[in-house]
1. Along the charge dipole of chain A, pointing to its positive end and built from +1/-1 on Cβ of Lys, Arg, Asp and Glu, which listed residue (A:V277, A:P304, A:A340) has its Cα farthest out?
2. A:Y172 to A:H233: FRET efficiency via 1/(1 + (r/R0)^6), r the Cβ-Cβ distance, R0 22 Å, to the nearest 0.05?
3. Using 7 Å Cα-to-Cβ label points, what is the A:K115/B:N37 separation (nm, one decimal)?
4. Whose amide H sits under 5 Å from the amide H of A:I207, counting only residues 5 or more places off or on another chain, with H placed in the peptide plane?
5. Using 0.36 nm times the number of residues separating B:K292 and B:D311, minus their current alpha carbon distance, what extension gain do you get?
6. Take peptide A:266-274, look around each residue's Cβ out to 10 angstrom, count Cβ atoms belonging to other protein chains, and average those counts.
7. If amide H atoms are built 1.01 Å from N in the plane of the peptide, which residues on other chains or at least 5 residues away come under 5 Å of the amide H of B:K3?
8. Can you compute the FRET efficiency between A:D201 and A:K139 using 1/(1 + (r/R0)^6), with r the Cβ-Cβ distance and R0 = 35 Å? Round to the nearest 0.05.
Amino acid sequence: MILTFPHLGNVYIAGKAFLEELGQEVVPPPRCSSRTLEIGTKYSPENICLPFKVNIGNYIESIEKGADTILITGSCGPCRFGYYSVLEQNILWDLGYEVDMIVFDPISEGLDQLKEGLSKALNINSYKDVIKAGKLGWKLIQKADYLTQLSNEKRAYAIDSYEVDAIMEEYYKNIENTFGAEKMLKLMDEVEYSLKNIPIDKSKNPIRIGIVGEIYTIIEPFVNLEVEKKLGHMGVYVEKSLTPTKWVKHHVTSFPFGSKEENMKYQLAKPYLSTLVGGHGRETVGSAVYYAKQGFDGVIQLLPLNCMPEIVAKSILPQVQKDCNIPIMTLVLDEMTGEAGYLTRLEAFVDLLMRRREERKVGELLFGC
Amino acid sequence: MCKIGIPRGMLFYDYYPLWAEFFEELGAKVVVSPKSNKEILNSGVLSCVDECCLPVKVFHGHVDYLKDKVDYIFIPKIISIRKMEYCCPKILGLPDMVKFSIEDLPPIIDTNINLRKNSYTSSKYKKAVYEAGKCVIKNSSKIRNAYKKAEESYQRYLYLLSKGVIPIEAIKMYNKTFVDLNYNSKKHDMSIMVVGHPYNIYDEYLNMNIISKLINKGIKVMTPEMVNKDEIIYYSAQLPKRMFWTYGRRIVGSAFSLIERDEVDGIIYLSSFGCGIDSILIDLIERKAKNKGIPFTLLTLDEQTGEAGIDTRVEAFIDMMKWRDKDDFNISTLR
Ligand code: SF4
Ligand code: SF4
């Protein structure tokens, strides 16, 4: 049995090491590329959301490398994601791939099902091993996220922001040849060290932008056309409202109450959206308010075309923009999104934010307010 | 007298008799927006976010029409109407979307209806009913009685539907005499299922009267609402995973049922541009139809859909089915 799973940003690092700790053979999908998307788009229903298409591309590219079992998490509504697995299985079978798909649905669907999936996927000898590997995996997720965030921060302050890219590129390459959690952590420590040693200009006061929107699109750099990197090179400090760490905190480690941060965001969203709308629609609204309160200069919403919860959020955001006096821009992403137009919109937005800052400064000077 | 506006869109086609009767019993005047038309569509497109699906845009248009003609607009927040199930995310967020997209609205009655963990007899549901009624009258026993009466006429409506009356007609006559709309096509030689969300198949403006057109051709039309509830439950359970959208389950279950029991000759899926849920449902139904050799076609409605285009597509589909019939016949005589 050779396992694989769809990409979700840097999660594959922890996923790979976790499964390897348990003695499983793993083939993570090759990094998402235009080929991935091309394959995915070709075999997916036309109007399905973008993450689905990339997933299909991931599976097929992994199968080509020898994977025969796919692990994914599921959900049971209200969004489409909950039904991904059924369609995906059909598509792969139609194409003649004899793969198994093991879906981990939430506990509310029945603990037995979850256990069955686990024992099928992990050839468990003892749950102690799983917990041990799980703890290491959790550590890796947090560390990987920390590195991503550190790189974002460094890009904004570095004297040469491309130095950050060079280190990160090297890191991604090395991951492929690193096996097991211990070695992975060691590699990460080295990367952290190099990142911290990049010469920076402390006097910079970068524009700060919060990224909100659909979780997959925020986390997977390929899908958002590397928005963090692009903004970083423009000298912008970027923070993301959703990361794998935050997801695990909310859904696993603080189960069933949910994490503090998410609950705080529900509160912030309440005046605008008091109930759930599936996906991360409510978080999007709450996070936008949060970033405004934190004094960020602007907010960018990432919306994969046709994404239902984000469309609900989008119709509410103009009011947040007005009430909190913070510019919010929505970027709609699909397989046709062009690099050039995208960059132009980002640049224009950053310009706007800089101008606003200037104006505010002038205002303060003139009127002392 | 207190005037309550009910927009003719989204879940209107399922619940209008219940809602209208309820508010009228309470002594309010119910104002319904007219059938969708060009102005309504246009104003909806203008006020709603671009990326949205057509039915939600049209709904915005209906609200816009009503906004300065009534004291309240009734847009319940229908989160779940069946245990462990949900409605579409956009239905969950409908009142919020409307509130922040249209200016100068009268107060919205956006009662939360969430039966994911509760039943119709729960105190939570009773509270929701009270919430909805209290704008008109603050007397809980009156509200309770009004709801009871409304519930009765709603049952009559459901009965009509189960007898094969199409909701567009049933809404007009749920308290009048009962006429079988498919009467004309009793001697039909072909039956077609028109499947999709109620607001696509029963909004005659959006779908250019497709149902009447089919009926006028002597074709018997079946819709999901006409399929028995138990059948729907039974056949939707064939899916490898629990279908967690109530409407999705109705749509897939009813289509599977008619396909499996060999009660339709063809299926027309009426979808609207930008519908997220349909991308899943279409795939499931088309796959089943293909498996069982039932002709299937998809019509996607959008702001620019032209009547001529739809007509040609439907004609072509019917022709195809007729040809197929002949071929089938040939094969069976040969056997
Ligand atoms: S949240 Fe958006 S992208 Fe994710 S499954 Fe739902 S519609 Fe698709
Ligand atoms: S089910 Fe489809 S058409 Fe209906 S509100 Fe949701 S996305 Fe729109």
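The values are calculated or read from the model by the stated rules, or taken from the named source; none is laboratory data. Because the structure is predicted, anything quoted here is derived from the model rather than measured. Positions of Cβ are backbone-derived with ideal geometry, glycine not excepted, and every protein chain shown enters the neighbour counts. SASA here: full protein model, heavy atoms, side chains in, ligands and nucleic acids out. Shrake-Rupley method; radii C 1.70, N 1.55, O 1.52, S 1.80 Å.
1. A:V277
2. Numbers: r = 18 Å, r/R0 = 0.80.
According to the calculation, E is roughly 0.80.
3. Between A:K115 and B:N37, the simple spin-label model gives 6.4 nm.
4. A:Y237
5. Values: separation 19, 0.36 × 19 = 6.84 nm, distance 2.61 nm.
Extra length from B:K292 to B:D311 when fully extended: 4.2 nm.
6. Working: counts 0, 0, 0, 1, 0, 0, 3, 7, 5.
Mean shielding count: 2.
7. Under 5 Å from the amide H of B:K3 lie the amide H atoms of B:K29, B:D71, B:Y72, each far enough along the sequence or on another chain.
8. On the way: r = 32 Å, r/R0 = 0.92.
Step by step, r from the Cβ atoms, then E = 0.60.
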